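The values are calculated or read from the model by the stated rules, or taken from the named source; none is laboratory data. What you see is a predicted model; the values in this text were computed from it and never measured. Virtual Cβ from ideal backbone geometry, glycine too; neighbours counted across all protein chains shown.
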């Protein structure tokens, strides 16, 4: 089973009413410079790195937006484990951008 890694930018937050009360809903924009289709199959990137949910108010099962817990450690993992040069370069580029922009985050589609 493959994985699509998606990069989103958080541009706003609202509170939406659901069956359990009000929950945060993050308004995001896809990033044109990132092609999520290129990363199908990189499940290990998500499974072997630690990510934290952007939304700390809800249970982890309801989360869709994540950032690496340690961006530098995640970049080291990419260098050691993503051997396709183009994929490695693009993942390192997004991690570098995430270091300087806290509104960038990952989402994935299994």
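Observations, loosely collected:
- Filtered residues of segment 7-34 (kept if without any contact (Cβ under 8 Å) to a residue 24 or more places away in the chain and within 23 Å of residue 71 (Cβ to Cβ)): 13, 29, 32, 33
- Considering 66, 45, the condition of being in contact with a helix residue (DSSP H, G or I) (Cβ under 9 Å, 6 or more places away or on another chain) and modelled with pLDDT of 90 or more is satisfied by 66 alone.
- Number of residues in segment 13-35 that are over 16 Å from residue 107 (Cα atoms) and touching a strand residue (DSSP E or B) at 6+ places or on another chain (Cβ under 7 Å) equals 7.
- When segment 1-34 is filtered for residues that are at pLDDT below 85 and within 20 Å of residue 75 (Cβ to Cβ), only 3 remains.
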